[in-house]
1. Here are some conditions: (1) assigned to a loop (DSSP other than H, G, I, E, B); (2) under 25 Å from Ala133 (Cβ atoms); (3) modelled with pLDDT under 90. Pro16 meets all but one. Which one does it not meet?
2. Collect the residues in region 185-213 that are part of a loop (DSSP other than H, G, I, E, B) and surrounded by fewer than 16 Cβ atoms within 10 Å (Cβ to Cβ), keeping them in residue-number order.
3. Go through Ala102, Ala119, Ala112 for me and flag whichever is out of contact with any Gly (no Cβ under 8 Å at 6 or more places or on another chain), closer than 30 Å to Ala218 by Cα and assigned to a loop (DSSP other than H, G, I, E, B).
4. Which residue pairs have Cβ atoms under 9 Å apart, sit 6 or more places apart or on different chains, and have a first residue in region 157-175 that is crowded, with 19+ Cβ neighbours inside 10 Å and at pLDDT 95 or above and a second that is polar (S, T, N, Q) and in a helix (DSSP H, G or I)?
5. Determine whether Ala133 is within 18 Å of Asn88 (Cα to Cα), hydrophobic (A, V, I, L, M, F, W, C) and touching a residue at least 12 places away in the same chain (Cβ under 8 Å).
6. When you scan region 203-215, how many residues do you find that are more than 14 Å from Gln176 (Cα to Cα) and touching a residue at least 12 places away in the same chain (Cβ under 8 Å)?
7. Within region 51-86, work out how many residues are hydrophobic (A, V, I, L, M, F, W, C), over 16 Å from Leu143 (Cα atoms) and either assigned to a helix (DSSP H, G or I) or touching a strand residue (DSSP E or B) at 6+ places or on another chain (Cβ under 8 Å) (or both).
8. Quick one: Ser103 ticks every box in (1) at pLDDT below 95; (2) under 21 Å from Ala189 (Cα atoms) except a single one, so which number is it?
Amino acid sequence: MQSRFNPALVPDPFAPIVPPHGRGPAQHRSLHRQKLRRASMLATTRRLLAQGQEHFTLRRVSEECGVTVQTIRNSFGRREDLLVSAINEHTSAVWDALGACASGPALFLDLAQMYYHCARNTPGFLRAMVTTAVASNQPLAVLQRHGVAIKVDHLRDMARQGMLRPGTEVEPLAAQITRLNTFMMYEWAMDGDAEELRRQMIAGNKLLLAGVLEPQAAAALEQWTPSQG
């Protein structure tokens, strides 16, 4: 089975994730402006983080977004909370993009392709994202919970479709997949190779999933091959 992954779907971490806006009452337009401002602050956080930890301060974000530091604090809380929100938004965007090209267990393998392209296109951001998370237990715990929750939802969908063996505990499985991927990305961040990151993530996710899949789903996973490029 050939992967249908499309590199054009890889989210740009530095672009604001703008919510859709339709015409409506004035209060709806005001809410949309608030969402745009929030999206700008999160995108600016990711861009500054990619330049180095010393560049990421609430004051820098406030200056570049044209808002006060207090506005940022009111919206997100502390510097660490803003950081976590910015990274979690990007993680959600990654999974939303994956849903457009993959389903079932193949989605976990296409995640490896997604981060391969992130490592090639925006290495500064991905490296900062991983090393920042691992450097502190509190952000790491929050980021891990977010990643696990996304994977739990997908694994439950697979269970409803009869792809998982009866009795499979999706929460521990999602946690193990998240830990494995985080460790591999951290290894890459320590001056690793993007292609090796992709190979290792594909192999690791295959191993974790193989034992919990029903035979038909396991066979499809084994026949999966990455897309070109």
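The values are calculated or read from the model by the stated rules, or taken from the named source; none is laboratory data. Everything numeric here is computed off the predicted structure, so don't read it as measured data. Positions of Cβ are generated from backbone atoms using ideal geometry, with glycine treated the same way; all protein chains shown enter the neighbour counts.
1. (3)
2. Met190, Asp191, Asp193, Gly211 - these are the residues of region 185-213 that are part of a loop (DSSP other than H, G, I, E, B) and surrounded by fewer than 16 Cβ atoms within 10 Å (Cβ to Cβ).
3. From the options Ala102, Ala119, Ala112, the qualifying one is Ala102.
4. Hits for this filter: Met163/Gln216.
5. Answer is yes for this residue.
6. Residues flagged as more than 14 Å from Gln176 (Cα to Cα) and touching a residue at least 12 places away in the same chain (Cβ under 8 Å) within region 203-215 amount to 2.
7. Counting residues in region 51-86 that are hydrophobic (A, V, I, L, M, F, W, C), over 16 Å from Leu143 (Cα atoms) and either assigned to a helix (DSSP H, G or I) or touching a strand residue (DSSP E or B) at 6+ places or on another chain (Cβ under 8 Å) (or both) gives 5.
8. Of (1) at pLDDT below 95; (2) under 21 Å from Ala189 (Cα atoms), only one is false for Ser103: (2).
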